[in-house]
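*Asks:* I have a structure here, written as structure tokens, and I will follow up with some questions on it.
The values are calculated or read from the model by the stated rules, or taken from the named source; none is laboratory data. These numbers come from a predicted model, not from an experiment. In this analysis, Cβ positions are derived from the backbone assuming ideal geometry, glycine residues included, and neighbour counts consider all displayed protein chains.
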Amino acid sequence: MSSTTTSHIPVLEKEVIEYLNIRPGGIYIDATLGGGGHSSSILRRAGREGIVLGIDKNPEAIALGEQLQKEARENDWGKLDLKQGNFADIVAHAASCQIEACDGVLFDIGLSSDLLYSQKGFSVYDETSLDMRFGGEGEITAQDIVNHSDEADLVFMFSHFGEEPYSKTIARAIVAQRERTPFSTAADLSSVIKYAIPKKAVEKGKHPARRVFQALRIVVNQEFASLQKGLDGAISLLRPGGRIVVISFHSLEDRMVKHIFKRASGICTCFLPRELCRCETGKTIKVLTGKPVLPGPDEIQTNHRAHSARLRAARKI
């Protein structure tokens, strides 16, 4: 059962708890605090001597975390520490809380429902913004990208980070539209994308702009670079026997997690002949999930966000 402080329903909650193998008094890091549902479950199982560090770039997630802190104190659960920032800096965040090693780390790297309705341009229907920053000031926005990037750069972003088959058509339509009127809202952008794609190519029940929005979100927040650094840092923080659990929501993220886990488990990932291989194949983890763990039909029915979730887990050796 998730925390009463939020309506957020944590994805694959039962599986997360199982693979983290939570022990009373343990130290855990929720690298993507979000609505706090997973952290709530971990706190209650770690007990009054347990510690959870919750990290999130979104200040609204930290505000929700403060409510969970209060709930944890009232119910005599474990201690919850909070850090607003990028999970790429997980080692520094842990050090600031005097955490040198931990028993488990969780990454839920999907877009939380809180962000989807935050009026920051994550929703294709958002009429107020084309921002897409998870948090922080001075960073590039999605509006900057669509209004100023070269057409060729847009094509690369949409195809590489969104796997959008109509990247060239969409990029051309965006450039033509911005010459008349620059983009200012997510709804403006999604409308242009909708009319740029042939109707016969639109998947039933799925908005035609979703892949482009995914690509922009990844670029704005440098998600892949952050994920690489964050997972490497998390593995380094785990004590022997500690667990790392990662939930991803699209194939690009899942492949990246799989690649990082393979490399950390001592498997060559370059596929070159042995004499040419330059992989650093020191074995630090044992992968616990040969294939990603998927949600069951009951969970998908009650929590639509879970339908594309994939969980991978590993144990520090």
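*Asks:* What about Arg178, is it in contact with a His (Cβ under 9 Å, 6 or more places away or on another chain) and outside the structural domain of Leu252 (by TED's automatic domain parsing)?
*Replies:* Judged against the criteria, Arg178 is a match.
*Asks:* Taking only region 75-115 into account, find how many residues are farther than 22 Å from Pro59 by Cβ and not aliphatic (A, V, I, L, M).
*Replies:* Going through region 75-115 one residue at a time, the tally reaches 9.
*Asks:* Would region 174-188 turn up any residue that is farther than 23 Å from Lys120 by Cα, in contact (Cβ under 8 Å) with a residue 12 or more places away in the chain, surrounded by 15 or more Cβ atoms within 10 Å (Cβ to Cβ) and more than 25 Å from the chain's Cα centre (by Cα)?
*Replies:* So far as region 174-188 goes, no, none of its residues is farther than 23 Å from Lys120 by Cα, in contact (Cβ under 8 Å) with a residue 12 or more places away in the chain, surrounded by 15 or more Cβ atoms within 10 Å (Cβ to Cβ) and more than 25 Å from the chain's Cα centre (by Cα).
*Asks:* Of the conditions (1) in a loop (DSSP other than H, G, I, E, B); (2) in contact (Cβ under 8 Å) with a residue 60 or more places away in the chain, Val105 fails just one. Which one is it?
*Replies:* With (1) in a loop (DSSP other than H, G, I, E, B); (2) in contact (Cβ under 8 Å) with a residue 60 or more places away in the chain applied to Val105, the lone miss is (1).
*Asks:* Sort through Val146, Val124 and tell me the only one that's outside the structural domain of Val257 (by TED's automatic domain parsing), at pLDDT below 95 and aliphatic (A, V, I, L, M).
*Replies:* Val124
Residue-by-condition table, conditions (1) among the polar types (S, T, N, Q); (2) touching a Lys or Arg at 6+ places or on another chain (Cβ under 8 Å); (3) assigned to a strand (DSSP E or B); (4) in contact (Cβ under 8 Å) with a residue 60 or more places away in the chain:
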residue	(1), (2), (3), (4)
Arg23	no, no, no, yes
Thr32	yes, no, no, yes
Ser39	yes, no, no, no
Ile42	no, no, no, yes
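*Asks:* In region 236-263, which residues are over 30 Å from Phe122 (Cα atoms) and either touching a Gly at 6+ places or on another chain (Cβ under 8 Å) or modelled with pLDDT of 95 or more (or both)?
*Replies:* Matches in region 236-263: Ser236, Leu237, Leu238, Arg239, Pro240, Gly241, Gly242, Arg243.
*Asks:* Please determine, by comparing only the residues of region 152-169 that are among the aromatic types (Phe, Trp, Tyr) and under 10 Å from Gln214 (Cβ atoms), which one is surrounded by the most Cβ atoms within 10 Å (Cβ to Cβ).
*Replies:* Phe158
*Asks:* Just wondering, is there one or more residues in region 210-221 that are buried (at least 19 other Cβ atoms within 10 Å of the Cβ), basic (Lys, Arg) and within 18 Å of Val124 (Cβ to Cβ)?
*Replies:* Checked against the condition, which is being buried (at least 19 other Cβ atoms within 10 Å of the Cβ), basic (Lys, Arg) and within 18 Å of Val124 (Cβ to Cβ), region 210-221 yields at least one hit.
*Asks:* Of these, His307, His259, which one is outside any loop (DSSP other than H, G, I, E, B), within 17 Å of the chain's Cα centre (by Cα) and farther than 26 Å from Ala187 by Cα?
*Replies:* Going through His307, His259 in turn, just one is outside any loop (DSSP other than H, G, I, E, B), within 17 Å of the chain's Cα centre (by Cα) and farther than 26 Å from Ala187 by Cα: His259.
*Asks:* Do you know which of the residues in region 230-249 that are among the hydrophobic types (A, V, I, L, M, F, W, C) and not in a strand (DSSP E or B) is nearest to Ile260 (Cα to Cα)?
*Replies:* Out of the qualifying residues, it is Leu231.
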